[in-house]
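The values are calculated or read from the model by the stated rules, or taken from the named source; none is laboratory data. It should be emphasised that the depicted structure is a prediction, and the values quoted were computed from it without experimental measurement. We place every Cβ from the backbone using ideal geometry, glycine too, and count neighbours over all the protein chains shown. Ligands, DNA and RNA are excluded from the accessible area calculation, which covers all protein heavy atoms including side chains. Shrake-Rupley method; radii C 1.70, N 1.55, O 1.52, S 1.80 Å.
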Amino acid sequence: MAVLLSPFRHLRAVPKPDLLIGVAIVALGTLEAFTVAPEYGVTETTELWWVGQALVTGVLVWFRRRSPVAVFILMIIAQYAWYRQGYEHCQTWQLASLLIVFHTVGAELPFRPGLAWAVTGILVFASGAVDHRRLPLAEVVFLAVLFGATYLTGLALHAYVARVHRLAEQAVHLERGREREAAEAVARERARIARELHDVVAHSVSMMVMRAGALRRSRGGDDETLLGIERMGREAVEELRVMLGALRMPLNEGIPQPGLDLLSGTVDSLVSSGLRVTLDVRGEVVRLASGLDLSVYRIAQEALTNAVKHAGESEIRIMLSYHRDSVEVEVTNGSGNGETFSALSTGNGLVGMRERVALFGGTFEAGPRPEGGFRVHASLPTSLEVSAGEPIT
């Protein structure tokens, strides 16, 4: 896996760590160039030679994680060139750089190639191939232990980071499994609710429609009130059928939702049943975003339902106003038991309307009118609206 081949990649979010280490190597080499280099005096400009080699070493350390094998080889060549200038000892900045690249080989490379390069490097240094001399056994053991231990620290870090990645992948897998189980549980519950609604509510409404139809026919078939009840009942059954279909659908699928274009049909159904309901649309009609369109329709529908329950024989008026940056809906009834309807302000009806309005950052008012009756008014911003192809009627 690419992630396991480069376990240090997550550290690249830290501001230039490799660059900082490279700068530290250059600084240490420069410090040694102007403190201990004159004691060697192999060349006339010893300090400049040391600073130049420290600069090259710092750049190699900077790029060690991008090309660990190339940097490892170049570091060995640089150390060989150092001894060819006549120096007999490795300086502090050089030893630190060698330890860093041995560590990097263990941390950045897969196990087998990393081990092969580490063993090769240890043999090159322990055999005296770099400084062209026969090393005593104690120095051979010291170099093998020093570089070997540094490689093992990188290998241990590689294994740790790989384990962290595996645990992270397992956590993601478990989380996805929990989400899938939760979605399946929700789907089962939705299916159960759909069955209950179909077996109880849909059946009851259908029987009500059938009995209203039978009663209308027994009275000659011209009773407008019963005809309106039949029509509204069939519409309720149809909407319930759509809702049941939505409940049975997967969560990531959807069906078209109702909107303000159905409001006039709702009003016509009420009028046909003998109620006094008027709809007044003002302003230039625009097509709202689907979520906003649904919310405004549901607010008007809920307010109209409450008005029908408590308005008695009074007229119900719905005013839908389109403005440049908002849409308003107002439902009023001229008289009736305003106190009874006001008591619903803490119930599900008005609470649901308030929640829909708050969702879009609008304003909502509901309460008795001074002249009698009740008024529901909602104003919602229409920042997501688009022009309608045709007016909504």
Can you work out which of the residues in region 69-104 that are of a type in the set (S, T, N, Q) and open to solvent by less than 40 Å² (accessible area, probe 1.4 Å) is farthest from Y151 (Cα to Cα)? Q91
Scan R216, R195, R231 and give me the residue that is open to solvent by 70 Å² or more (accessible area, probe 1.4 Å), assigned to a helix (DSSP H, G or I) and at pLDDT 75 or above. R231
Set S321, S295: member being over 20 Å from S272 (Cβ atoms) and either in a strand (DSSP E or B) or among the hydrophobic types (A, V, I, L, M, F, W, C) (or both): S321
From the list G372, G274, G362, G336, which residue is modelled with pLDDT of 85 or more and not polar (S, T, N, Q)? G362
Considering only region 288-306, state which residues are more than 16 Å from D268 (Cβ to Cβ) and hydrophobic (A, V, I, L, M, F, W, C). L288, A289, L292, L294, V296, I299, A303
Out of region 44-68, which residues are surrounded by fewer than 14 Cβ atoms within 10 Å (Cβ to Cβ) and in a helix (DSSP H, G or I)? L48, G52
Report, ordered by the first and then the second residue, all pairs with beta carbons closer than 7 Å, sequence separation of six or more or different chains, a first member in region 68-88 that is of a type in the set (G, A, S), and a second member that is assigned to a loop (DSSP other than H, G, I, E, B) and open to solvent by 50 Å² or more (accessible area, probe 1.4 Å). G86/V42
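Can you tell which of V161, V141 is assigned to a helix (DSSP H, G or I), touching a helix residue (DSSP H, G or I) at 6+ places or on another chain (Cβ under 9 Å) and open to solvent by less than 40 Å² (accessible area, probe 1.4 Å)? Full working, then the answer.
Values: V141 fails: open to solvent by less than 40 Å² (accessible area, probe 1.4 Å).
Within the list V161, V141, the selection yields V161.
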Please give the number of the condition F111 fails out of (1) under 41 Å from the mean Cα position of the chain (by Cα); (2) among the aromatic types (F, W, Y); (3) surrounded by 15 or more Cβ atoms within 10 Å (Cβ to Cβ). (3)
